[in-house]
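Reading through the structure tokens given below for one structure.
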Amino acid sequence: MIARRKNRVVNPPEHCPLGQCLSIIGGAWTPNIIWYLSSQSRRFSELKDDLQGISPKVLTQRLRKLENEGIVNRKVMPTSPPTVEYSLSELGKELKPAIEAIVAVGEKLKKIKTAEAILGA
């Protein structure tokens with residue numbers, strides 16, 4: 001019988017910051033919204049066009065959640081009809097390197113899968 005190894009990893013804090021951050025940026029569409037807002041502010045309709053396949057309801061829900069969490073700023077322009085513009089807050093801008101790192105790993109995974117498909121064919 002093989003002896004069971006003891007866990008040498010320090011237990012995460014009671015309210016793990018990693019889990020808290022992932023609960024905000026995880027899920028469908030949210031990283032994509034952060035990606036598109038990372039370069040410049042966008043209007044709702046522009047984000048809708050950027051995110052092919054997202055419904056207006058889901059986009060509204062995600063933007064509200066990000067606004068409530070302090071990740072996204074919402075600015076209403078005094079036009080007729082009113083125009084709403086979204087941008088990343090200072091806290092939201094801090095997520096940009098994390099999103100870029102995820103994209104970089106995704107590109108590597110894509111290359112591996114493509115190579116495997118070619119070799120397997």
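Read-outs: derived from the displayed coordinates by stated rules, not from any lab. Values in this document were obtained by computation on a predicted structure and should not be read as measured data. With ideal geometry, Cβ positions are generated from the backbone for all residues, glycine too; neighbour counts draw on all protein chains shown.
May I ask you to list the residues in the stretch 1-22 that are of a type in the set (Gly, Ala, Ser) and either more than 24 Å from Leu63 (Cβ to Cβ) or surrounded by fewer than 11 Cβ atoms within 10 Å (Cβ to Cβ) (or both)?
Ala3
Against the conditions (1) touching a strand residue (DSSP E or B) at 6+ places or on another chain (Cβ under 7 Å); (2) of a type in the set (A, V, I, L, M); (3) surrounded by 10 or more Cβ atoms within 10 Å (Cβ to Cβ); (4) free of Cβ contacts under 8 Å to residues at least 24 places away in the same chain, where does Ala101 fall short? Just the number, please.
Of everything listed in (1) touching a strand residue (DSSP E or B) at 6+ places or on another chain (Cβ under 7 Å); (2) of a type in the set (A, V, I, L, M); (3) surrounded by 10 or more Cβ atoms within 10 Å (Cβ to Cβ); (4) free of Cβ contacts under 8 Å to residues at least 24 places away in the same chain, Ala101 misses just condition (1).
Within the group Ile54, Ile33, which residue is β-branched (Val, Ile, Thr) and under 19 Å from Ile71 (Cα atoms)?
Values: Ile54 fails: under 19 Å from Ile71 (Cα atoms).
None of the others qualify; the one that does is Ile33.
Go through the stretch 55-92 and give me each residue that's closer than 12 Å to Ser41 by Cβ, exposed (fewer than 12 other Cβ atoms within 10 Å of the Cβ) and either touching a residue at least 24 places away in the same chain (Cβ under 8 Å) or of a type outside the set (A, V, I, L, M) (or both).
Lys75
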